[in-house]
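Engineer: Dumping the structure here so I can ask a few things about it.
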Amino acid sequence: MRISSVTMFDQSTASMNRQQSDFLKVSQQIASGRRVVNPSDDPQAASRAVGVDQAKAVTEQYGDARTSARNSLAQTESILNSTSDAITSAKTLLVQASSDTLSNVDRESIASELKGVYETMLGQANATDGNGRFLFGGYNDSNPPFVKQGDAVEYRGDQNTREQRVDASRLMSVTENGESIFKSVPSSAGYVAEANSGNEGNVTFGGPQVSDVNDDGYGDSYRVVFNEDVGVPSGTSYQVQRFENGAWQEDAADLVETGEYIGEGQQLSFGGLNVTLEGTPADEDEIVVARAGDAPREPNLFRTMEEAIRVLSSPVEDDADKADMRNTLNTSMRDLDNSLDNILTVRASAGARLNELDVIDAVGDNRSLNYEQTLSDLVDLDYNEAISEYSLRQVGLQASQKAFVDVKGMSLFDYL
């Protein structure tokens, strides 16, 4: 077989190039710290690594979502804490205002303080997050959820709560809508009595007190209406009407109870409730006795504050004014208690979700560590093995270079 000089050169160059390629590949692996630098190095490991890397990126995105959710919930919890403090301050002022020793000027001063608390509550209700969105407007978060219309506050948000996916299987509410905070009561709230602000008499109420929860009428809402009646010795009778199908049942056949109103601590019993009445009512004066949150007395923290401010700002000039003040303050204090219970319930829910985020974070961190370990097993470099391979490839490259030099210096003419 003939071996030409060109063949020897070609074979030596190919061997040297192959050794240099293997050496550079190991060098690249050591420099990058990865065993799989190109997909061709290990197609199966490279394919699995892509899937694991994508799952790791999704986990990191959920981590960012939890950070955002935690910020919103923490701000919500902080505002609810401030609101509960404001309600406690308002209740303290109302207790102070209930004293008969105060003058009209004293009550007006308390009303001024109460207005400050009221404005604080309104500001808290229209709080925004760090992105300029209103926290308590639901998905209608670009405009203030609570707006003053005359002397009243209207809710302009929706009844939804913003949700955020904080994990693959968990969609979490990250805020509350304003209606669930400022216009709601807990399910355990009891009965509240309220005298009509247009009453012209001086009748006052005590209670209501629950006497029998097993009564067939317990849970319904009622209205006590007073009428002039020459047919009774006192000249005044009363009717107890039930609220059904969105209206008061005023027909004689539907009345819960009727009788003569005597006053002087007279106690009316109906629907498992007891209400104590004092004073002299005018014709068509009325007192509503309803479960907090029912249609006849829809809860509204701002309306409660407005009524308390109204009655304290008005001078007490006669018995009717005094009765209006006493009834309104009693009703307002019960409403404030219910509102405080509701806000504490909502705050507890926000705190529970914050705790849940901590648990999900711990699970997410463990999942990320598992992904990191899997990626390391698939594509990371074993430096001990790589350095040994590097030394071997270096020796092979040097040997091929030396062989090339030796072959280059050989000539068949030396043997002729």
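Engineer: Of a type in the set (Asp, Glu) and under 30 Å from Gly150 (Cβ atoms) - does that describe any residue in region 264-278? Reasoning before the result, please.
Structural biologist: So the first thing to find is which residues in region 264-278 are of a type in the set (Asp, Glu), and the list is 264, 278.
Next, from what is left, pick out any that are under 30 Å from Gly150 (Cβ atoms): none.
Within region 264-278, not a single residue is of a type in the set (Asp, Glu) and under 30 Å from Gly150 (Cβ atoms).
Engineer: Restricting attention to region 50-77, report how many residues are among the aliphatic types (A, V, I, L, M) and closer than 29 Å to Ala125 by Cα. Show your work before the answer.
Structural biologist: So the first thing to find is which residues in region 50-77 are among the aliphatic types (A, V, I, L, M), and the list is 50, 52, 55, 57-58, 65, 69, 73-74.
Then keep just the ones that are closer than 29 Å to Ala125 by Cα; that gives 65, 69, 73-74.
Residues that pass the stated criteria total 4.
Engineer: Taking the condition of being over 22 Å from Arg70 (Cα atoms), touching a Leu at 6+ places or on another chain (Cβ under 9 Å) and of a type in the set (Val, Ile, Thr), how many residues in region 103-139 meet it?
Structural biologist: Within region 103-139, residues that are over 22 Å from Arg70 (Cα atoms), touching a Leu at 6+ places or on another chain (Cβ under 9 Å) and of a type in the set (Val, Ile, Thr) number 2.
Engineer: I would also like to ask the following. Does Gln124 satisfy the criteria of being in a helix (DSSP H, G or I) and surrounded by fewer than 14 Cβ atoms within 10 Å (Cβ to Cβ)? Don't jump to the end; show me each part of the working.
Structural biologist: On the way: in a helix (DSSP H, G or I): yes; surrounded by fewer than 14 Cβ atoms within 10 Å (Cβ to Cβ): no.
No, not satisfied.
Engineer: Related question: Looking at (1) without any contact (Cβ under 8 Å) to a residue 12 or more places away in the chain; (2) at positive phi, which one does Gln249 not meet, given that it meets all the others?
Structural biologist: The one condition Gln249 does not meet is (2).
Engineer: Within region 216-246, track down each residue that is closer than 19 Å to Arg297 by Cβ and free of Cβ contacts under 8 Å to residues at least 12 places away in the same chain.
Structural biologist: Asn245 - this is the single residue of region 216-246 that is closer than 19 Å to Arg297 by Cβ and free of Cβ contacts under 8 Å to residues at least 12 places away in the same chain.
Engineer: Considering only region 178-188, state which residues are out of contact with any strand residue (DSSP E or B) (no Cβ under 7 Å at 6 or more places or on another chain) and either assigned to a helix (DSSP H, G or I) or surrounded by 15 or more Cβ atoms within 10 Å (Cβ to Cβ) (or both).
Structural biologist: Here is the first cut: in region 178-188, the ones out of contact with any strand residue (DSSP E or B) (no Cβ under 7 Å at 6 or more places or on another chain) are 180-182, 184-188.
If the condition is that a residue be out of contact with any strand residue (DSSP E or B) (no Cβ under 7 Å at 6 or more places or on another chain) and either assigned to a helix (DSSP H, G or I) or surrounded by 15 or more Cβ atoms within 10 Å (Cβ to Cβ) (or both), then Ser180, Ile181, Phe182, Ser184, Val185, Pro186 are the ones that fit.
Engineer: To continue, here is another question. Could you please find all residues in region 224-240 being farther than 18 Å from Thr276 by Cβ and among the hydrophobic types (A, V, I, L, M, F, W, C)?
Structural biologist: If the condition is that a residue be farther than 18 Å from Thr276 by Cβ and among the hydrophobic types (A, V, I, L, M, F, W, C), then Val230, Val232 are the ones that fit.
Engineer: Out of the residues in region 200-235 that are acidic (Asp, Glu) and under 13 Å from Phe270 (Cβ atoms), which is surrounded by the most Cβ atoms within 10 Å (Cβ to Cβ)? Walk me through it before giving the result.
Structural biologist: First pass over region 200-235, keeping only residues acidic (Asp, Glu): 200, 212, 215-216, 220, 228-229.
Then drop every residue that is not under 13 Å from Phe270 (Cβ atoms), which leaves 212, 215-216, 220.
On the way: Asp212: 13, Asp215: 15, Asp216: 9, Asp220: 19.
Per the stated criteria, the residue is Asp220.
Engineer: Okay, next question. Any residue at all in region 46-57 that's polar (S, T, N, Q), assigned by TED's automatic domain parsing to the domain that holds Glu372, assigned to a helix (DSSP H, G or I) and modelled with pLDDT under 80? It would help to see each step written out before you state the result.
Structural biologist: Here is the first cut: in region 46-57, the ones polar (S, T, N, Q) are 47, 54.
Those still in the list that are assigned by TED's automatic domain parsing to the domain that holds Glu372 too: 47, 54.
Now narrow it down to the ones that are assigned to a helix (DSSP H, G or I): 47, 54.
This time we only want the ones that are modelled with pLDDT under 80, so: 47.
There is at least one residue in region 46-57 that is polar (S, T, N, Q), assigned by TED's automatic domain parsing to the domain that holds Glu372, assigned to a helix (DSSP H, G or I) and modelled with pLDDT under 80.
Engineer: As an exercise: evaluate Gly259 against (1) free of Cβ contacts under 8 Å to residues at least 60 places away in the same chain; (2) part of a loop (DSSP other than H, G, I, E, B) and give the number of the one condition it does not meet.
Structural biologist: (2)
Engineer: Among the residues of region 278-327, which ones are closer than 27 Å to Asp341 by Cα, part of a loop (DSSP other than H, G, I, E, B) and in contact with a helix residue (DSSP H, G or I) (Cβ under 9 Å, 6 or more places away or on another chain)?
Structural biologist: Ala292, Gly293, Pro299, Asn300
Engineer: Restricting attention to region 145-177, and to residues there that are hydroxyl-bearing (Ser, Thr, Tyr) and in a loop (DSSP other than H, G, I, E, B), which single residue is surrounded by the fewest Cβ atoms within 10 Å (Cβ to Cβ)? Talk me through it step by step, then tell me what you get.
Structural biologist: Taking region 145-177 and keeping what is hydroxyl-bearing (Ser, Thr, Tyr), we get 155, 161, 169, 173, 175.
Those still in the list that are in a loop (DSSP other than H, G, I, E, B) too: 161, 169, 175.
Numbers: Thr161: 15, Ser169: 7, Thr175: 26.
For region 145-177, the residue satisfying everything is Ser169.
The values are calculated or read from the model by the stated rules, or taken from the named source; none is laboratory data. Since the model is a prediction, treat every value here as computed from it, not as a measurement. Cβ atoms come from the backbone with ideal geometry, glycine included; neighbour counts cover every protein chain shown.
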